[in-house]
1. Within the stretch 132-170, how many residues are surrounded by 13 or more Cβ atoms within 10 Å (Cβ to Cβ) and closer than 20 Å to T92 by Cβ?
2. Can we say S173 is surrounded by fewer than 17 Cβ atoms within 10 Å (Cβ to Cβ) and either touching a residue at least 12 places away in the same chain (Cβ under 8 Å) or basic (K, R) (or both)?
3. Filter the stretch 81-105 for residues that are closer than 29 Å to G61 by Cα, surrounded by 16 or more Cβ atoms within 10 Å (Cβ to Cβ) and touching a strand residue (DSSP E or B) at 6+ places or on another chain (Cβ under 8 Å) and give the result.
4. Surrounded by fewer than 16 Cβ atoms within 10 Å (Cβ to Cβ) and either in a helix (DSSP H, G or I) or among the charged types (D, E, K, R) (or both), is that true of R77?
5. Looking at (1) among the polar types (S, T, N, Q); (2) under 22 Å from V36 (Cβ atoms); (3) modelled with pLDDT under 80, which one does N115 not meet, given that it meets all the others?
6. Just to be sure before I move on: is T92 polar (S, T, N, Q) and over 15 Å from the mean Cα position of the chain (by Cα) in the structure I sent?
7. Collect the residues in the stretch 51-74 that are surrounded by 17 or more Cβ atoms within 10 Å (Cβ to Cβ) and either without any contact (Cβ under 8 Å) to a residue 40 or more places away in the chain or of a type in the set (V, I, T) (or both), keeping them in residue-number order.
Amino acid sequence: MNLNLFCLSLAAATVVSATGCNQNARVVTDDRDKIVSVDQIDVQDWSNAADQVLQQLFASGALETAPTKPARIEVTRVVNDTAQRIDTDLLTQKIKIALQQSGKVAFASSDARANEVADYREFKAGEDAPRLPFFVINGKILEIRASAGSTKQSSFVFQLNLVNTVESVDAWSGEAEVTKQGTRNAKNSRG
């Protein structure tokens, strides 16, 4: 076989094998098709953690202790105590949406302009009682890693607290854990 024909055959084989392994991008609509990363938080982890802590919160009955319905809540700080740079709003926003949809909660706005307008309207109406939240939500995300041989394990612990601002006590505390184990990242195989 001449050298040019060999090089051309090798190049064609390389192109065919490289394109055969690639997969076109697509919209993922099923959890079974999502990527599972051993050492980082994936989108389904945020959803699972939010679902777990919300079930705990609703079961506790703590929201029903607010003097007004819906309970006025403000989200303060969720601390990221992991090795990753993550946006904790991914967790808190999922929780806020579910709580608002339950009808049991109204969130105090963190928007400065909205608060200015509300203050002005209350002033014009002669009201001087401040709009303070009855509860605040705070939390922390922790990461624990371990390995045995080539198998890696990452656990992410999502902790949330609901604080009664009148008495300055924790009205409820909840925790969700997501643990992942493997030798490499993979496509989710739940089904």
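The values are calculated or read from the model by the stated rules, or taken from the named source; none is laboratory data. The shown structure was predicted, so the numbers you read here are calculated from the model rather than taken from an experiment. Cβ coordinates were reconstructed from backbone atoms using ideal geometry, including for glycine residues, and neighbour counts include every protein chain displayed.
1. 21
2. Yes; evaluated as a whole, the condition is true for this residue.
3. Of everything in the stretch 81-105, those that are closer than 29 Å to G61 by Cα, surrounded by 16 or more Cβ atoms within 10 Å (Cβ to Cβ) and touching a strand residue (DSSP E or B) at 6+ places or on another chain (Cβ under 8 Å) turn out to be T88, L91, T92, I95, K96, L99, K104, V105.
4. It is true that R77 is surrounded by fewer than 16 Cβ atoms within 10 Å (Cβ to Cβ) and either in a helix (DSSP H, G or I) or among the charged types (D, E, K, R) (or both).
5. Unmet for N115, out of (1) among the polar types (S, T, N, Q); (2) under 22 Å from V36 (Cβ atoms); (3) modelled with pLDDT under 80: (2).
6. No: the conditions fail for T92.
7. Correct list: V53, I73.
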